[in-house]
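Presented below is the structure to which this report refers.
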Amino acid sequence: QVQLAESGGGLVQAGGSLRLSCVVSGINFRSYSMGWFRRAPGMEREFVAAVDWNGVNTYYADSVKGRFTASRDNANNTVFLQMNSLKPEDTAVYYCNHDLLLSRLRLAHYDFWGQGTQVTVSS
């Protein structure tokens, strides 16, 4: 069964940077687009960013365009989220997940999630 292991979160001041990692197992990683999602306290989970199977095409939520970059290393079954110019409203638990279709990831309608990694941005 699929395993999703997020890491790299932490506490950072506004304007700072952080890089998240997600190691994937249990699937043919190279067949799937990968997405990043987040959930703030008391809020619904929302789509953040996605990258297709070979790292060529990406898609971002309007709130993070120009600040976040999604990428992947297929040799190590890992997807990354580079977060720059962080804002307090970026504070959330961040999750990764997979889909055969890049465009479908933004719907965030999956039954299984990993443990996530906490990102806290102070002002």
Subject >> Number of positions in segment 35-59 that are open to solvent by 40 Å² or more (accessible area, probe 1.4 Å) and either among the acidic types (Asp, Glu) or within 13 Å of the chain's Cα centre (by Cα) (or both) >> reply: 6
Original post:
For residues in segment 78-97 being hydroxyl-bearing (Ser, Thr, Tyr) and either touching a helix residue (DSSP H, G or I) at 6+ places or on another chain (Cβ under 7 Å) or open to solvent by less than 50 Å² (accessible area, probe 1.4 Å) (or both), which is farthest from Glu6 (Cα to Cα)?
Top reply: Thr91
**OP:** Might you check whether a residue that is in contact (Cβ under 8 Å) with a residue 24 or more places away in the chain, of a type outside the set (A, V, I, L, M) and over 26 Å from Ala14 (Cα atoms) occurs anywhere in segment 79-96?
**Re:** no
Subject >> Residues that are open to solvent by 70 Å² or more (accessible area, probe 1.4 Å) and under 16 Å from Arg72 (Cα atoms), drawn from segment 1-22 >> reply: Arg19
**OP:** Check segment 65-77 and report whether any residue there is among the polar types (S, T, N, Q), surrounded by 13 or more Cβ atoms within 10 Å (Cβ to Cβ) and either out of contact with any helix residue (DSSP H, G or I) (no Cβ under 7 Å at 6 or more places or on another chain) or in a helix (DSSP H, G or I) (or both).
**Re:** yes
Original post:
Which of the residues spanning segment 98-113 are open to solvent by less than 100 Å² (accessible area, probe 1.4 Å) and either at negative phi or not in a loop (DSSP other than H, G, I, E, B) (or both)?
Top reply: His98, Asp99, Leu101, Leu102, Ser103, Arg104, Leu105, Tyr110, Phe112, Trp113
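The values are calculated or read from the model by the stated rules, or taken from the named source; none is laboratory data. Worth saying up front: this structure is predicted, and the values here are computed from it rather than measured. Positions of Cβ are backbone-derived with ideal geometry, glycine not excepted, and every protein chain shown enters the neighbour counts. These area figures cover heavy atoms from the full protein model, side chains too; ligands, DNA and RNA do not enter into them. Shrake-Rupley method; radii C 1.70, N 1.55, O 1.52, S 1.80 Å.
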